[in-house]
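The values are calculated or read from the model by the stated rules, or taken from the named source; none is laboratory data. Computed from a prediction, not measured in an experiment: that's the story for all the values here. Because the Cβ atoms are built from the backbone with ideal geometry, glycine has one as well, and the counts that use them run over all protein chains shown.
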Amino acid sequence: MRLNAGCELLYEATEPAPLILMLRPRSGAAQQVISADYQLNPNVPIADYTDSYGNLCQRILAPEGQLRIKSTVTVDTADAIDVQPGAAFVPVQDLPDYTLQFLLPSRYCQADVLGELASQIVGDIESAYDQVEAIRHWIHSHIEYRYDTSNASTSAVDTEKTRVGVCRDFVHLGMALCRSLTIPARMVVGYLHQLDPMDMHAWFEAFVGDRWYTFDPTQSMPRGNRITVAYGRDAADVAFATQFGQIDLTEMNVWVDV
């Protein structure tokens with residue numbers, strides 16, 4: 001399906017403030033970027049760079065006062081995500097080098113303290129894909145999706161205790177549980193068609209068999225028509241905007257249309 005997606009952000013700064021944005025997707029296995037556009041009002045210089053995860057980032061210096069940023073993309077997306085029940089566990093010694101960093105605990109994913117829960121969830125399931133699917137299903141069944149129940153400091157351990165959160169909390173818990181079983185897991189952020197309520201979205205990918213597979217604990221079944229914008233270890237790596245100085249985000253609007 002061809003999708004038009006985008007977001008509009010309004011910032012207010014009391015003095016010039018640097019911003020790092022992560023709003024432009026790249027073409028990949030499940031998506032083909034047809035066009036992308038940035039509009040800044042007032043118009044200020046913008047510089048692109050690629051971070052250590054291969055994400056396309058933009059650097060700007062927001063002026064004093066208001067800055068409106070509008071990012072739009074047109075992308076051909078896959079109508080369904082690939083699934084592979086039975087895909088095997090990959091021993092650490094056989095994992096590709098680029099997956100190893102996604103085995104480690106990170107700021108929001110304390111994989112080193114969630115191993116017991118992960119073992120309880122997967123039980124005697126042998127295949128790695130089916131273990132990850134069991135984790136996804138457990139989170140979907142046991143964690144309540146509710147706004148205003150978490151904040152920028154909420155971690156996987158916090159979510160396991162409170163049993164409430166939003167998509168990023170679901171994802172942090174899913175990744176931490178996977179990593180505790182020595183299954184590489186990385187965070188993905190982007191757009192999802194027909195997400196309700198519409199917003200930027202997060203899900204995760206696990207490396208099993210010989211590739212990455214998508215898992216979304218907020219959804220009851222596999223859904224395609226996703227636009228991936230960025231990958232990382234956790235939310236600290238994939239923020240759509242990282243701001244420095246005296247600047248506030250006052251408005252945000254997100255849309256995804258056929």
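For this structure, a couple of remarks:
- Which numbered condition residue 229 misses (of (1) modelled with pLDDT of 95 or more; (2) aliphatic (A, V, I, L, M); (3) more than 15 Å from the chain's Cα centre (by Cα)): (3)
- From 34, 20, residue being touching a Cys at 6+ places or on another chain (Cβ under 9 Å), assigned to a strand (DSSP E or B) and in contact (Cβ under 8 Å) with a residue 12 or more places away in the chain: 20
- Of residues in segment 62-102 being in contact (Cβ under 8 Å) with a residue 12 or more places away in the chain and of a type in the set (Asp, Glu), the one farthest from residue 222 (Cα to Cα): 64
- Whichever residue in segment 80-103 is under 19 Å from the mean Cα position of the chain (by Cα) and assigned to a loop (DSSP other than H, G, I, E, B) and, among such residues, is surrounded by the most Cβ atoms within 10 Å (Cβ to Cβ): 81
- Segment 33-68: number of residues that are touching a Ser or Thr at 6+ places or on another chain (Cβ under 8 Å) and surrounded by 15 or more Cβ atoms within 10 Å (Cβ to Cβ): 5
- Residue, surrounded by the fewest Cβ atoms within 10 Å (Cβ to Cβ), within segment 146-197, restricted to residues that are among the β-branched types (Val, Ile, Thr), under 13 Å from residue 216 (Cβ atoms) and out of contact with any Ser or Thr (no Cβ under 7 Å at 6 or more places or on another chain): 189
- Residues of segment 125-166 that are of a type in the set (Lys, Arg) and more than 19 Å from the chain's Cα centre (by Cα): 161, 163.
- Scope segment 193-204; condition free of Cβ contacts under 8 Å to residues at least 24 places away in the same chain and either in contact with a Phe, Trp or Tyr (Cβ under 8 Å, 6 or more places away or on another chain) or closer than 13 Å to residue 133 by Cβ (or both); matching residues: none
- Among the residues of segment 57-71, not one is polar (S, T, N, Q) and either outside any strand (DSSP E or B) or not assigned by TED's automatic domain parsing to the domain that holds residue 18 (or both).
- Qualifying residue in segment 5-14 (condition: loosely packed, with under 15 Cβ neighbours inside 10 Å and of a type outside the set (Val, Ile, Thr)): no
- A count restricted to segment 191-217 and to residues that are of a type in the set (Gly, Ala, Ser) and at positive phi stands at 1.
- Residues considered: 74, 99. Of these, the only one that is assigned by TED's automatic domain parsing to the domain that holds residue 27, under 21 Å from residue 29 (Cα atoms) and at pLDDT 95 or above is 74.
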